[in-house]
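Participant: Dumping the structure here so I can ask a few things about it.
The values are calculated or read from the model by the stated rules, or taken from the named source; none is laboratory data. Computed from a prediction, not measured in an experiment: that's the story for all the values here. Don't worry about glycine lacking a Cβ; one is built from the backbone with ideal geometry, like all the others, and counts go over all protein chains shown.
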Amino acid sequence: MGKQEKEKTMQDGGEQTMEEAFGRLNDILGELDNGGQSLEEAFALYTEGMKMVRLCNDKIDKVEKQCRILDENGESHEF
């Protein structure tokens, strides 16, 4: 999925997968690392990056809550 398609997915209210969010976060870090943006552009990238971090954290939290360990009696316990 290209950058424009990803941006359209987010604008349309579609939810990104964790892999897409990590990919976009990586792109943002590369753009910031290369420099050349105005302060406003850099801040916009930073803000978008923080949204990606929150999205990933939320997804990880959701998966962690779903993880359970089954003991030898077949009873589930939180991981």
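Participant: Out of everything in segment 10-22 that is out of contact with any helix residue (DSSP H, G or I) (no Cβ under 8 Å at 6 or more places or on another chain) and outside any loop (DSSP other than H, G, I, E, B), what residue ends up being modelled with the highest pLDDT?
Facilitator: GLU19
Participant: With modelled with pLDDT of 80 or more, loosely packed, with under 12 Cβ neighbours inside 10 Å and out of contact with any strand residue (DSSP E or B) (no Cβ under 8 Å at 6 or more places or on another chain) as the only criterion, which of LEU39, LEU32 stands out? Before the answer, list the steps.
Facilitator: Details: LEU32 fails: loosely packed, with under 12 Cβ neighbours inside 10 Å.
After ruling out the rest, the residue left standing is LEU39.
Participant: Could you list, in sequence order, all residues of segment 25-71 that are touching a residue at least 24 places away in the same chain (Cβ under 8 Å) and out of contact with any Lys or Arg (no Cβ under 6 Å at 6 or more places or on another chain)?
Facilitator: The first filter runs over segment 25-71 and keeps only residues touching a residue at least 24 places away in the same chain (Cβ under 8 Å), leaving 25, 27-28, 48-49, 52-53, 55-56, 59-60.
Result: LEU25, ASP27, ILE28, GLU48, GLY49, VAL53, LEU55, CYS56, LYS59, ILE60.
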